[in-house]
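Inspection log for the structure reproduced underneath, given as structure tokens.
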Amino acid sequence: MAIKFHIFSENIYPDWEIDEKKFITIARKVLKYYLSKPEVYEKSALFGHEYNTVSFDFLFCDSVKTHEINREYRHKDYPADIITFAIFADSEEKFIFDRELNLGEILIALDKVREEAAKKSVKDEDELAFLISHGILHLLGFDHQTEADYNFVVALQIEALQSIGIMYEQI
């Protein structure tokens with residue numbers, strides 16, 4: 001059975017009118033890629049659960065918003081480029097309603113995306129796709145507390161992006 005993806009987005013950052021449909025399509029393709037890899041799927045929060053629909057949300061905002069969220073929910077006093085709320089992966093109770101599971105929400109500060117893209121000399125859109133692929137891994141339950149985990153996550157992100165034609169390379 002094919003899995004359906006319900007991905008929603010909202011852009012509240014007025015200085016970059018991103019093509020939300022394009023980035024939802026990228027997110028869908030990246031998620032399909034991750035789930036097609038047994039070594040990823042079997043280690044994900046989805047493994048062993050019955051579902052036919054996966055949903056999650058994006059909020060495209062600015063670093064003022066991520067700073068506020070970081071301070072309020074994570075007790076960290078700095079703006080972040082990305083914050084994920086991995087509802088499904090982080091919960092003891094794996095709530096699935098009508099065979100649909102909600103992975104959570106990804107907040108991305110578009111001003112930070114532009115800053116990072118300039119530092120790395122990559123296109124803004126490619127850096128955004130990189131962060132989207134990163135956030136999806138967090139929603140699936142992957143973290144990067146060790147250098148080995150970080151290297152695994154970044155290599156997987158680059159592989160996923162390259163599989164859909166985005167030639168991103170970590171500098």
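Values in this text are rule-based calculations from the coordinates and carry no lab data. Just so you know, these numbers come straight off a predicted model, no measurement behind them. For neighbour counting, all protein chains shown are included, and Cβ atoms are generated from backbone atoms with ideal geometry for every residue, glycine included.
Relative to the longest principal axis of the Cα atoms of the chain, the long axis of helix 124-139 lies at roughly 40 degrees. Label sites at Gln162 and Asp19, each approximated as a point 7 angstrom past Cα along Cα to Cβ, lie 2.4 nm apart.
When +1 charges are put on Lys and Arg Cβ atoms and -1 charges on Asp and Glu Cβ atoms, the dipole computed for the range 4-163 relative to its Cα centre reaches about 420 debye. Cβ crowding within 10 Å ranks Val40, Val113 as Val40, Val113, fewest other Cβ atoms first.
Taken over the alpha carbons of the range 4-163 as equal point scatterers, the Debye sum produces base-10 log I(q)/I(0) values at 0.10, 0.16 Å⁻¹ of -0.35, -0.93.
Fully extending the segment from Ile12 to Glu39, taken as 0.36 nm per residue of separation minus the present Cα-Cα distance, adds 6.1 nm.
A helix-only calculation puts the chain at -14500 deg cm²/dmol for mean residue ellipticity at 222 nm, using -39500 (n - 2.57) for each DSSP H run of at least four residues, averaged over all residues. Helix 20-36 and the long axis of the chain differ in direction by around 50°, with both axes built from C-alpha atoms.
Per-peptide packing, taken as the mean over residues of other Cβ atoms within 10 Å, places 81-90, 134-143 in the sequence 134-143, 81-90 from highest down. Of all the options Glu115, Glu39, Glu125, the one that moves most in a Gaussian network model of the chain with Cα springs shorter than 10 angstrom is Glu39. Between Tyr150 and Lys4, full extension at 0.36 nm per residue minus the direct alpha carbon distance yields a gain of 49.7 nm.
Going down the list Lys4/Lys123; Lys37/Lys123; Lys22/Lys112, which pairs span over 24 Å between their C-alpha atoms? Going by Cα-Cα distance, Lys4/Lys123; Lys37/Lys123 fall outside the 24 Å limit. The length gained by stretching the chain between Glu72 and Glu125 to full extension, at 0.36 nm per residue less their Cα-Cα distance, is 16.2 nm.
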